[in-house]
1. Given the criteria in contact with a Lys or Arg (Cβ under 9 Å, 6 or more places away or on another chain), of a type outside the set (A, V, I, L, M, F, W, C), surrounded by 18 or more Cβ atoms within 10 Å (Cβ to Cβ) and part of a helix (DSSP H, G or I), does His195 qualify?
2. Got a number for residues in region 235-263 being crowded, with 19+ Cβ neighbours inside 10 Å, in contact with a His (Cβ under 9 Å, 6 or more places away or on another chain) and assigned to a loop (DSSP other than H, G, I, E, B)?
3. Across region 24-57, which residue is farthest from the chain's Cα centre (by Cα) among those that are closer than 20 Å to Tyr317 by Cα and polar (S, T, N, Q)?
4. When region 173-200 is examined, which residues are found to be among the hydrophobic types (A, V, I, L, M, F, W, C) and at pLDDT 95 or above?
5. If we scan region 215-234, do we find a residue that is modelled with pLDDT under 95, out of contact with any Asp or Glu (no Cβ under 9 Å at 6 or more places or on another chain) and at positive phi?
6. In region 337-368, what residues are buried (at least 21 other Cβ atoms within 10 Å of the Cβ) and outside any helix (DSSP H, G or I)?
7. Just to be sure before I move on: is Gly292 small (Gly, Ala, Ser) and assigned by TED's automatic domain parsing to the domain that holds Cys117 in the structure I sent?
Amino acid sequence: MAAILGTVKYGIIGVGMMGREHLINLHHLRSEAVAVVSIADPHVPSQQLALELARSFNWPLEVFSGHQELLDSGLCDVVVVSSPNMTHYQILMDIIHHPKPHHVLVEKPLCTTVADCKKVVDAARKRQDILVQVGLEYRYMPPVAKLIQLVQSGTIGQVKMVAIREHRFPFLVKVHNWNRFNANTGGTLVEKCCHFFDLMRLFAGSNPVRVMASGDMDVNHKDEIYDGKVPDIIDNAYVIVEFENGSRGMLDLCMFAEGSKNEQEISVVGDIGKGEAFVPESVVRCGSRVAGRDGVQTIKAEDDRIKYDGLHHGSSYLEHLNFLSAIRAKGVQALAVDLQDGLISVAIGVAAQVSIEKGRFVTIEEVVNEHI
């Protein structure tokens with residue numbers, strides 16, 4: 001893998017809310033010799049907002065309406081794909097097949113279907129000269145990272161149960177309201193919850209076997225109509241995931257729960273203890289069965305490396321820092337979140353969506369082999 005000498009030059013494909021968030025994060029990494037040099041987006045208002053941001057950073061940008069023009073320009077070493085979910089597949093394939101190698105950070109979900117994820121994984125295997133990292137950045141949130149460290153150190157013993165609660169606000173308004181429809185997002189349990197399925201797998205230290213879910217659209221978006229169509233994205237669900245090693249995960253999702261102190265609460269229970277993480281409170285609690293309630297410790301989770309908190313409590317900043325380190329290591333350092341991680345997080349979400357539709361357990365094998 002070729003070394004990148006001097007400044008690492010980034011292009012951002014898709015400069016809506018998340019694309020501009022990446023632009024700000026990269027600005028805060030200027031001391032690491034990075035620069036955003038180009039953007040691509042067909043939506044002119046998004047282009048203008050990104051240009052205004054870049055001017056405030058004194059970063060001149062080349063602006064393209066399409067990603068192919070950005071790739072063909074030869075300006076970039078790295079591209080960040082933060083376009084709408086349903087565009088990821090074609091953009092990734094175009095990047096992977098481009099003669100000039102571009103390292104890629106692609107926002108979650110990797111693609112909206114397992115079939116498309118598999119095609120991207122297969123294509124990328126043939127390009128040993130590029131790195132592709134998936135933007136499952138919740139791993140980097142300081143309390144979550146601290147909990148991962150506690151679990152992997154053996155502090156709570158063999159993990160048996162992982163419970164993740166996300167109680168939050170409804171989906172935000174996006175360009176052309178693309179995120180209101182399953183066909184564009186992959187479904188709520190793919191679009192939003194691939195983060196949590198990725199964390200479950202990480203905590204369990206095992207791959208998923210089967211999924212059971214119950215969910216519906218009960219409160220949000222029911223009075224909205226776009227081009228004559230009513231949104232079909234669910235706003236609440238319970239999801240149970242069973243893993244190969246016998247551990248279980250459970251997701252409790254509610255997107256009309258603004259009256260919550262914490263947006264995410266994560267509990268991991270092993271055979272000798274329990275760990276919990278709370279976001280945005282940024283607190284971790286850890287206790288053992290032997291010490292009981294009185295022995296529970298509370299730890300404030302912080303990471304001094306974070307220079308910008310942004311929309312995800314500093315995790316996007318740390319994600320970029322990690323990816324840049326992997327790029328500079330010229331393939332010697334393994335990616336924190338690779339394409340296989342991206343594929344499995346989508347597969348669990350798809351299985352959950354199908355489970356709601358069919359009212360039964362759905363195996364990961366069914367989803368991956370497209371037998372549903």
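1. Numbers: in contact with a Lys or Arg (Cβ under 9 Å, 6 or more places away or on another chain): yes; of a type outside the set (A, V, I, L, M, F, W, C): yes; surrounded by 18 or more Cβ atoms within 10 Å (Cβ to Cβ): yes; part of a helix (DSSP H, G or I): yes.
So His195 fits the description; yes.
2. So the count comes out to 2.
3. Among those that are closer than 20 Å to Tyr317 by Cα and polar (S, T, N, Q), it is Ser56.
4. Trp178, Phe181, Ala183, Leu189, Val190, Cys193, Cys194, Phe196, Phe197, Leu199, Met200, listed by residue number.
5. yes
6. Passing the criteria: Val337, Val362.
7. In short, no.
Every residue, every condition in (1) assigned to a loop (DSSP other than H, G, I, E, B); (2) among the basic types (Lys, Arg), yes or no:
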residue	(1), (2)
Glu265	no, no
Val269	no, no
Lys274	no, yes
Asp303	yes, no
Ile306	yes, no
Asn322	no, no
Ala326	no, no
Leu335	yes, no
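The values are calculated or read from the model by the stated rules, or taken from the named source; none is laboratory data. Owing to the predicted nature of the structure, the values given are computational and were not obtained by experimental measurement. With ideal geometry, Cβ positions are generated from the backbone for all residues, glycine too; neighbour counts draw on all protein chains shown.
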